[in-house]
Amino acid sequence: MAKAVTPDAISIILENPCPDSSSDLPEIVVQVLDLKPTGTKYMFMANDGKKQVRALLQSALSSEVTSGNVQNLGLIRILDYTLNDIPTKNEKFLIVSKCEAVSPALEAEYKVGIKTEENGIVLKPNQEMDVDIKVKSEAAGIVLKPKQEIVSKSAAQIVHEQHGNMAPSARMAMTRRIHPLVSLNPYQGNWTIKVRVTSKGDMRSYKNARGEGCVFNVELTDEDGTQIQATMFNDAAKKFFDKFQMGKVYYISKGTLKVANKQFKTVQNDYEMTLNENSLVEEASNEATFIPETKFNFVPIDELGPYVNGRELVDVIGVVQSVSPTMSIRRKSNNDTVPKRDITIADETKKTVVVSLWNDLATSVGQELLDVADKSPVVAIKSLKVGDFQGVSLSAISKSVIVVDPDTPEAKKLRSWYDSEGKETSLAAIGAGLSPNTSSGARSMYSDRVALAHITSNPSLGDDKPVLFCIKAYISYIKPDQTMWYRACKTCNKKVTEAFGSGYWCEGCQKNEQDCSLRYIMVVKVSDASGEAFLSVFNDQAEKIIGCTADELNELKSQDGGNDFQMKLKEATWVPHLFRVSVATNEYNNEKRQRITIRAVAPIDYATESKYLIEEISKMKISK
């Protein structure tokens, strides 16, 4: 075939934005202009001499560019495409899913009106095609008919007539043009995708102002590796939950797209899909089933600070240090009881973090980890939420994936480190103080640093929601006759009451226990150079301040007239600490009061503290 740009090629594409089949397309040859990479794909301007349109080569075609077949200023023949609208810019965007190189780079941009040696004709500007005239390309030796004659009957209609009795999935594959995931957008009409289920979440129940229901998610991946999350609610969730199976391939149509909610998305896609009870999902029976290998993007434990209370989920890998027994936690929302298990992991940063597992993960994988905890297995965990409990903590969600002793380079490296030096190394909890160099100062013991006076002199702080600060201060006074602890359930740590007869009743666990434990809940006065304030402190932070458990302190209080008790409190005063505190306002007797609560406490690391002070001094010099 001749190496010539098809006259009015862009107009043909604009008039037929979504052809039913590649066999339905006329000859479309365009020139490639301004070719440049964008991720794994390539952007360019498609040019026919009269008009141009922005275009994208799918990632599957990237090899054509890297091999030199497709070149800037060269010609390509478009064999399959989708034309999308960009409503915000009133533009069109061409997604090329199949093409072939026709010619290497020309000397310059092709424009109508410039005579070419190939076709020997001159195309004049604004030249119009007569509807009744066939435009013949002497070089190509083919005839292009006007659009009215080209699309007289679609290939889909022909195939539908020929294959009307085929199985649904085969019929869908034959009669519907498959769209790549990257070409989909909320403004598009009918589409069909061919995707593999690479992740399937659990069926979950919810309750809100609009009522109760159920929901579940799947992650779908097409042959280009593009992923999208699909969500189904209520009737659709019940209809498709058993139909979607991990590793299987499906044809899906009649779904809707919207901009992805960053708080819940787990894949890299600007959009998310919703399937309702009228959506079509058919299994591709001729496709082999396989479970794709889980891909991780690990975050070192000492770099978790910037993710605290954020929307982004993280992946971690670590050596298991300890595994707790299963606990029963009662949800406030619906009073349901769910199992929970905590595991503590460490990595090469010499930091540890607690990961909370829930529901099936707590009872299945959690039990497996408990059985082999003495062997310190390596675990890789995908999709965890980062919270601020004990400074920094991790929590699994329904879509979290746990792989025990994965066969990956990261796991082998971590195992080698732990066996050679890690198990003999002193490890510290990440919540005990983060590096001042973390990219988000909001979660560092050395950023958001304020004086006590900044908090106490601003009574409106925390009016809308609690705000967090870090302070360096001394414990100046602990009132000895205050109520310093409460009786707690050994399973869920909630308050217990004395049961009739004997033992203690736990409302959370709904059972009697013969024993209970004491947990701190107290108030301490702290001071710095700017002033002083009373801070509320709970068990884990109080143990670090006092230096013993509440049970041990209660025992000292009952011995020798309480002298050892008084001495223990005295030893805890006038010791400097770094505190991470939350500031909120509470109403008491119709009067708003400021409540400052210690969320994390860490001893002073004088090397890090010195670096912080030097940085602060440098800032003062620059400001002058």
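Values computed for the structure shown
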| read-out | value |
| --- | --- |
| Cut-off 15 Å (backbone N to label point 7 Å along Cα→Cβ of Arg595), residues of the stretch 512-540 | 521-524, 534-539 |
| Most to least packed among 583-593, 349-359, 233-243 [average Cβ atoms within 10 Å] | 349-359, 233-243, 583-593 |
| Fully extended contour minus Cα-Cα distance, from Leu280 to Asp481, at 0.36 nm per residue | 65.5 nm |
| Residues of type aspartates and glutamates that Lys399 reaches as a straight line, Cα spacing below 17 Å, ignoring anything fewer than 8 places off in the same chain | Asp202, Glu219, Asp242, Glu272, Glu293, Glu312, Asp315, Asp360 |
| Met327 accessible area, 1.4 Å probe, all protein chains in place, Å² to nearest 10 | 30 Å² |
| Listed pairs Lys207/Lys375; Lys412/Lys472; Lys36/Lys258 exceeding 30 Å between Cα atoms | Lys207/Lys375; Lys412/Lys472 |
| Nearest-20 debye value, the stretch 272-417 charge dipole, Cβ charges on Lys, Arg, Asp, Glu | 660 debye |
| Lysine pairs within the stretch 537-607, Cα separation less than 24 Å, 8 or more sequence positions apart or different chains | 5 |
| Net lengthening on full extension, Asp564/Asn493 (0.36 nm per residue, minus Cα-Cα) | 22.9 nm |
| Cα-Cα over 23 Å, subset of Lys382/Lys413; Lys350/Lys525; Lys98/Lys194; Lys295/Lys423; Lys51/Lys92 | Lys350/Lys525; Lys295/Lys423 |
| Fully extended contour minus Cα-Cα distance, from Thr337 to Leu79, at 0.36 nm per residue | 87.2 nm |
| Simple label model, 7 Å out from Cα along Cβ direction - Phe538 to Gln367, nm | 2.9 nm |
| Cα centroid of the stretch 565-624 to Cα centroid of the stretch 412-426, whole Å | 34 Å |
| Solvent-accessible area per residue for the stretch 448-508 (1.4 angstrom probe, square angstrom) | 59 Å² |
| Heavy-atom surface of the stretch 313-419, accessible at 1.4 Å and reported per residue (Å²) | 45 Å² |
| Pair Tyr206, Lys36: separation of 7 Å Cα→Cβ label points (nm) | 4.0 nm |
| Solvent-accessible area per residue for the stretch 520-624 (1.4 angstrom probe, square angstrom) | 59 Å² |
| Asp388 long-range amide H proximity, modeled H, under 5 Å | Asn309, Ser393 |
| Inter-site label distance for Ser11 and Phe500 at 7 Å from Cα along Cβ, in nm | 9.3 nm |
| Percent carbon-and-sulfur accessible area, the stretch 462-549, ignoring ligands, DNA and RNA, probe 1.4 Å | 49 percent |
| Solvent-accessible surface (1.4 angstrom probe) belonging to Arg599, in square angstrom, nearest 10 | 100 Å² |
| Estimated vicinal HN-Hα couplings, Hz - the stretch 57-71 in sequence order (Karplus 6.51, -1.76, 1.60; Gly, Pro = x) | 8, 4, 4, 5, 9, 4, 5, 5, 7, 5, 7, x, 5, 9, 10 |
| The stretch 366-383 - phi-based ³J(HN,Hα) in whole Hz, Karplus 6.51/-1.76/1.60, Gly and Pro as x | x, 5, 4, 5, 4, 5, 10, 4, 5, 8, 6, x, 8, 10, 10, 10, 9, 6 |
| Apportionment of accessible area to carbon and sulfur, the stretch 196-237, percent (1.4 Å) | 41 percent |
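The values are calculated or read from the model by the stated rules, or taken from the named source; none is laboratory data. Quick caveat: nothing in here was measured; it's all calculated off a predicted structure. Ideal geometry is used to build each Cβ from the backbone, glycine not excepted, and the neighbour counts take in all protein chains shown. The accessibility values were calculated without ligands, DNA or RNA, using every heavy atom of the protein model including side chains. Shrake-Rupley method; radii C 1.70, N 1.55, O 1.52, S 1.80 Å.
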